[in-house]
Structures are given as structure tokens and as C-alpha cells.
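*Asks:* Would you mind keeping the following structure in view while I ask a few things?
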Amino acid sequence: MPDSRPRPPDDHAADAANGRESSALTLCGARLTDGRIVDVRLGGGRIEAVGTAGSLSAPGARVDLRGHLLLPAPAEPHAHSDTALTADGAGPGTPGPASQLPEDVQRRATEAALLQLGHGATALRSHVRIGGVQGLAALEAVLQARRSLRGLADLTPVAVPRLLTGIAGADGLAMLRDAVKMGAGAVGGCPDLDPDPTGYAEAVLEIAAEHGCPVDLHTDSDDPARLARLAAMAGGLRQGVAIGPCAGLSRLPREAAGRAADQLAASGVTVICLPQGGCCAVEGRGTAPVRLLRAAGVRVAAGSGALRDLANPVGRGDPLEAAFLLASQNGLRAEHAYEAVSAEARRAMGLPEVRIEAGFPAELLAVRGEQLSGVLSLAYSRIVVHRGRVVARTSAVREYCDSETGGGPGLPRQGRPESGPGGGP
């Protein structure tokens with residue numbers, strides 16, 4: 001593939017008008033997945049040019065990425081910001097459950113987003129419960145977290161009502177409409193928990209069409225007839241429909257799961273699986289049959305699910321771990337596994353495509369390593385770029401001591417590359 005050539009970014013003026021203009025930045029000596037070693041110049045939140053190493057000279061900061069693989073940044077399509085970091089309750093020495101005060105929810109949601117940003121996810125979609133005693137308080141807290149994260153990461157809440165059918169569902173319908181007006185970027189929910197799952201899904205799709213927003217439903221998908229009705233209804237919604245984690249598909253007979261996959265493919269529904277663990281009770285654990293779905297033509301993205309809450313007290317929220325599990329346990333090739341947490345995740349979230357070519361958004365992740373398979377295996381040191389600037393760095397150095405005899409065991413040492421024009425990473 002030839003080097004990308006500089007060209008004016010399509011929405012440079014719009015970025016500047018919105019206060020997102022960033023100073024020029026050149027990433028030097030990065031390796032791409034096709035083996036090329038390149039320099040990448042960023043400006044205005046976009047990639048301005050990609051050329052052979054040493055070919056791009058421009059004023060502004062430079063970051064030495066020798067020894068790093070440069071990738072489109074992953075995105076997180078299925079987080080739970082309102083419950084993140086609550087597994088330990090109120091904290092050491094403080095008995096009782098974690099506080100649900102809006103300021104505490106906002107603090108945990110912000111911290112969780114920063115943890116995932118450090119892993120590389122520059123955009124996150126978070127399912128937030130509404131209704132009950134808390135009403136819209138958790139959603140407002142997550143919206144406040146979104147505002148505090150501006151310039152670091154993009155956080156989009158999904159409003160998740162409890163009930164939407166029958167007399168009890170009337171309040172939920174009104175609250176879901178209010179949530180969209182407040183700023184929820186998508187509507188969702190758990191139809192499996194409603195007395196009328198099909199009616200619940202119909203209500204969500206109707207509100208989505210009414211407000212022109214996407215749908216992201218949480219479902220186990222263990223009922224083929226119900227899933228077929230959902231696929232039939234979702235096919236006509238232009239804003240896009242995603243469902244997940246769909247672990248129940250793995251428990252169906254293969255023939256039934258295959259028919260369901262064909263129906264989902266025909267309707268254009270995206271399945272968001274959770275390889276790192278579910279976000280509900282233990283009996284709902286498992287992973288969607290990723291290879292079967294992909295073979296049927298279903299778009300499959302991967303998310304992290306619970307981040308150290310009661311559903312998964314050790315959840316990491318790491319997209320590279322999700323990709324690693326898709327490769328190691330589901331048999332996907334490394335490039336397809338990474339696409340599930342990057343290109344497919346961004347598509348499911350309605351985000352622009354990212355390629356390491358001129359004109360594309362500067363949403364990038366540099367990981368120490370030479371090949372994608374090695375990066376998914378280790379993935380220690382990472383540099384995260386959002387809107388054209390470095391927003392997070394993680395540096396890991398492994399060292400081995402000499403043997404007591406003084407001769408040394410001959411173990412490798414991890415050294416740092418010599419500093420270049422922009423200094424070491």
C-alpha cells in the first residue's frame with residue numbers, strides 16, 4: 001500500500017470552531033501492521049500525513065514510537081459506568097454498599113473511564129440504569145462525568161429503563177423520553193427482565209425512531225422465537241441496533257443458533273459480545289458464538305462489560321484483553337479479534353472509521369511490540385492518542401537480576417531505545 005499523502009482534513013474548520021484544535025504532533029518511527037516503519041503527522045484532530053520514517057519534518061512536538069506497533073484506537077461499546085468500581089462496597093473499614101450519591105457515581109464513572117482510556121479506549125458507550133428510587137440521578141452523574149472527560153475521551157450514556165410495559169411501564173416510558181432529552185446518546189434496556197419482552201423491545205424501538213437515536217439492548221438471546229421477532233422489528237430502524245452479550249446463543253442447538261444468526265445478519269443487527277465476563281448473574285455467563293455469527297455475516301463487536309462491580313469483581317475493562325480472549329478461546333485470527341474491539345466497536349457506536357491514512361481521525365494506540373499477535377499477548381506499554389494529542393501513557397519495564405554466582409543466567413534484558421529527536425516513549 002503506498003504512503004498516504006497530505007491533504008486538508010475534511011472538517012478542520014469544524015474542529016477548530018468546536019474548540020478541538022490541537023497543536024501539530026508527529027509520531028516517529030512507528031511500525032504498522034503491514035510491516036512499514038512510518039512517521040505520522042497529526043493536526044486538527046486528524047491524521048495529516050503518513051510517510052516513510054524520517055520523511056516528515058514539521059514544527060511541533062515529536063514522539064518517538066520506535067519499537068511500538070501503531071493501531072487505530074479501540075473503543076468500548078458496552079461499559080457500566082454507574083456501577084463500576086463498586087465490588088468492594090463503601091471501601092476498606094467502611095461497611096455497607098457503595099454510595100449511590102450522584103457525586104460518588106460521577107467520581108467512579110470518571111475514574112472507570114480513565115482506567116479504560118489508559119488501556120486505549122478513546123470512546124466509550126455506557127449502559128446506565130434509570131428509574132426506581134434513583135430516577136435519573138445516575139444518568140445525570142454519568143453526563144457530568146462525560147463533561148469532565150471532554151478532551152480526554154468520549155463517553156456516551158445508554159439509558160436503561162427497568163420496565164416499559166403494562167401499568168408499571170408507563171413511568172419507565174416517560175423517563176426514557178426524559179433521558180433522551182437530557183443527553184442520553186442511545187436507548188436500551190433489558191427486555192428479558194420485563195413481563196412482556198417483545199413489548200419492551202417494541203417500546204424501545206419506537207422511542208428510538210421518535211428521537212432518531214440508536215438502540216443498544218442487553219439480552220441473553222436464549223429464546224429463538226423472541227430473537228426472531230426482535231430481528232424482524234429492528235430491520236427497519238435506520239439508526240442502528242446492537243444487542244449483547246447474547247451468551248444464550250451458545251447454549252442453543254447449533255441449528256437453532258445458526259437460524260438466529262442468519263436472521264440477525266439479514267436485519268443488520270450488531271452483536272456485542274463480552275469475552276472478559278458478563279455483566280449479570282453467574283448463570284448468565286458465557287460468550288456469544290462469535291465464529292458462528294461471523295460466518296453468517298453478523299457484525300460482531302466486543303466490549304468489556306462489568307468493571308470491578310458485583311457482577312465481575314476482577315473486571316479489567318481492557319479491550320486488548322477482550323481481543324486476546326477472542327483469539328485464544330474463540331479461535332479468531334489476531335487481526336479479526338482486534339477489529340472486534342476497534343473497527344467493529346466504533347461502527348456499532350456510530351463513530352467514524354479510523355485508518356492510519358491521511359484525513360482519518362487521529363484516534364490511535366501505540367503498543368510496544370512488532371506484530372499484532374505479540375501485542376495481544378503482552379500489551380504492556382501503551383501510548384494513547386485522542387483527537388490528535390497524547391492523552392495517556394503506560395510504561396512497563398521488566399528487568400532480571402544477575403545470578404548469585406555473578407556469571408548471570410543469560411536472561412534477556414529489556415532495554416530502552418536510544419532517545420531520538422522527540423525523546424524516548
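The values are calculated or read from the model by the stated rules, or taken from the named source; none is laboratory data. Please read all numbers here as calculations on a predicted model, not as lab measurements. All Cβ positions, glycine included, derive from the backbone under ideal geometry; neighbour counts span all protein chains shown. In case anyone asks, the SASA skips ligands and DNA or RNA and just uses the protein heavy atoms, side chains included. Shrake-Rupley method; radii C 1.70, N 1.55, O 1.52, S 1.80 Å.
*Asks:* Expected output is a single nm value to one decimal: the length gained when fully extending between Ile37 and Ser377, i.e. 0.36 nm times separation in residues minus the C-alpha distance. What is it? Intermediate results must be reported in sequence, preceding the final value.
*Replies:* Numbers: separation 340, 0.36 × 340 = 122.40 nm, distance 2.14 nm.
Net length gain for the segment: 120.3 nm.
*Asks:* Work out the P(r) tail for the stretch 153-304: percent of alpha carbon pairs separated by more than 26 Å, whole number. Could you put the intermediate results ahead of the total?
*Replies:* Details: 2402 of 11476 pairs.
Taking all Cα-Cα pairs of the stretch 153-304, the fraction more than 26 Å apart is 21 percent.
*Asks:* Once phi is turned into ³J(HN,Hα) by the Karplus curve 6.51 cos²θ - 1.76 cosθ + 1.60 with θ = phi - 60°, what whole-Hz value does each residue of the stretch 84-89 show in order, with x for glycine and proline?
*Replies:* Those phi angles translate into 4, 6, 10, 4, 8, x Hz.
*Asks:* Give me P(r) over the chain, computed from all C-alpha to C-alpha distances, binned every 10 Å, as integer percentages.
*Replies:* Reading the bins upward from 0: 5, 21, 30, 25, 14, 5, 1, 0.
*Asks:* Determine the per residue accessible area of the chain with all protein chains present and a 1.4 angstrom probe, expressed in square angstrom. Numbers along the way, then the final one.
*Replies:* On the way: 18590 Å² over 425 residues.
Accessible surface, normalised per residue, equals 44 Å².
*Asks:* How much FRET efficiency would the formula 1/(1 + (r/R0)^6) give for Ser23 and Ala396, where r is the Cβ-Cβ distance and R0 is 30 Å, rounded to 0.05? Kindly include the intermediate steps, with their values, before the conclusion.
*Replies:* Values: r = 28 Å, r/R0 = 0.93.
So the FRET efficiency works out to roughly 0.60.
*Asks:* Which whole-angstrom value gives the distance between the alpha carbon centres of the stretch 172-193 and the stretch 253-315?
*Replies:* Between the Cα centres of the stretch 172-193 and the stretch 253-315 lies a distance of 22 Å.
*Asks:* Once you place label points 7 Å from the Cα toward the Cβ at Ala295 and Ser99, how far apart are they in nm?
*Replies:* 5.2 nm
*Asks:* Have a look at the DSSP beta bridges in the stretch 92-215 and tell me what percent are antiparallel, nearest 5.
*Replies:* On the way: 1 of 11 bridges.
Counting DSSP beta bridges with both partners in the stretch 92-215, the antiparallel share is about 10 percent.
*Asks:* Right, here's the next one. May I ask you to list the residues of the stretch 227-244 whose amide nitrogen lies under 16 Å from a point 7 Å from Cα along the Cα→beta-carbon direction of Leu193?
*Replies:* Answer for this model: 244.
*Asks:* Same structure, new question: Please list, in order along the stretch 269-274, the HN-Hα scalar couplings obtained from phi with the Karplus expression 6.51 cos²θ - 1.76 cosθ + 1.60 (θ = phi - 60°), rounded to whole Hz, x for Gly and Pro.
*Replies:* Karplus values, whole Hz, x for Gly and Pro: 6, 8, 9, 10, 8, 10.
*Asks:* Within the chain, what whole-number % of the accessible surface is contributed by carbon and sulfur, with the 1.4 Å probe and all protein chains included in the calculation? Numbers along the way, then the final one.
*Replies:* Values: 9630 of 18590 Å².
C and S atoms contribute 52 percent here.
*Asks:* For the chain, give the share of DSSP beta bridges that are antiparallel, in percent and rounded to the nearest 5; count only bridges with both residues there. Don't skip to the answer; put the middle values down first.
*Replies:* Working: 28 of 57 bridges.
Just about 50 percent of them are antiparallel.
*Asks:* Amide H of Val391 versus every other amide H placed in the peptide plane: which residues, excluding those fewer than 5 positions away on the same chain, fall under 5 Å?
*Replies:* Result for Val391 returns Val384, Val385, His386.
*Asks:* Okay, next question. Please give the length that would be gained between Arg259 and Asp88 if that part of the chain were fully extended, namely 0.36 nm times their separation in residues minus their C-alpha to C-alpha distance (nm, one decimal).
*Replies:* On the way: separation 171, 0.36 × 171 = 61.56 nm, distance 4.18 nm.
Going from the current span to full extension adds 57.4 nm.
*Asks:* If you don't mind, there's one more thing I want to ask. Whole number please: convex hull volume per residue of the Cα set in the stretch 59-116, in Å³? Numbers along the way, then the final one.
*Replies:* On the way: hull volume 10.5 nm³, N = 58.
Dividing the Cα hull volume of the stretch 59-116 by its residue count gives 181 Å³.
*Asks:* If you don't mind, there's one more thing I want to ask. Quick one: compute the contact order of the stretch 109-268, relative version, from alpha carbon pairs under 8 angstrom and 6+ residues apart, as a percent. Please list the in-between numbers first.
*Replies:* Numbers: 261 pairs, mean separation 26.5, N = 160.
RCO, the stretch 109-268: 17 percent.
*Asks:* Also, I was wondering about something else. Would you kindly derive the ³J(HN,Hα) couplings of the stretch 203-217 from the backbone phi angles with the Karplus curve 6.51 cos²θ - 1.76 cosθ + 1.60 (θ = phi - 60°), listing them in order in whole Hz, with x for Gly and Pro?
*Replies:* Residue by residue, the stretch 203-217 yields 5, 4, 5, 5, 5, 4, 5, 5, 9, x, 10, x, 10, 9, 9 Hz.
*Asks:* What number, in percent, do you get for the relative contact order of the chain if the mean sequence gap of Cα pairs under 8 Å and at least 6 apart is divided by its residue count?
*Replies:* Details: 993 pairs, mean separation 82.8, N = 425.
RCO, the chain: 19 percent.
*Asks:* Additional query: Treat each spin label as a single point 7 Å out from the Cα along the C-beta direction, and report the Ala225 to Arg66 distance in nm.
*Replies:* Modelled inter-label distance: 6.6 nm.
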